[in-house]
């Protein structure tokens, strides 16, 4: 697919990291170092993701890596990108997808398209929901009245204003504030403000 596109030239092939390392060294010595390395996850002798991580550790400015795999699980995609890959391809993606990924990487962008992109986004949404759900669990431990006071405290309303707004005494506000800080593990209003933004109770 890559050769047939006419946009890129394959300068070398290797079936394992043992073959790839001396090949990359010789290409570099010949000033034919590749701009992109397409790395199969299932290399002989070493995981492709581990190989990408090793390449990035040795030379962060070296060729960009694109991982290719049968798996398009979001966790695998994220692991590859976290290891330093700039693109990810599923083995069932067509030649258009392959070239789109290589073109994006050439432009210094992340190359993920089609079903891989959908899986990546869905995984990111699940992680976000899990993180926010965990964060919100503390908020859900508040009573309805505490939630009202929490929101107004996060908005930096004065105790007197909160008391008038909710038609309760300032002493009650002080007691509720202490309970809220304890349940949320917060120290002050700034902590409440940051937490309220994080879980979407208020906006910046």
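Cα centroid separation, segment 187-204 to segment 80-141: 28 Å.
Counted over the chain with a bin width of 10 Å, the fraction of Cα pairs per bin, in whole percents, is 8, 26, 19, 11, 14, 13, 7, 2, 0. The angle between the Cα long axis of helix 170-184 and the main principal axis of the chain comes to about 30°, on a 0 to 90 degree scale. Across segment 2-123, the relative contact order, built from alpha-carbon pairs under 8 Å that are at least six residues apart, equals 21 percent. Over the chain, DSSP H runs of length four or greater, each weighted -39,500 (n - 2.57), average out per residue to a 222 nm ellipticity of -18500 deg cm²/dmol. Helix 189-198 and the long axis of the chain differ in direction by around 50°, with both axes built from C-alpha atoms. Principal-axis analysis of the Cα atoms of the chain puts helix 48-58 at an angle of about 90° to the longest axis. Overall size of segment 35-148 from C-alpha positions, given as principal axis extents largest first: 60, 32, 28 Å.
Set the Cα radius of gyration of segment 141-198 against 2.2 N^0.38 Å, with N its number of residues, and you get 0.99.
Bear in mind these aren't lab numbers, they're just calculated from the coordinates by the rules spelled out. The shown structure was predicted, so the numbers you read here are calculated from the model rather than taken from an experiment.
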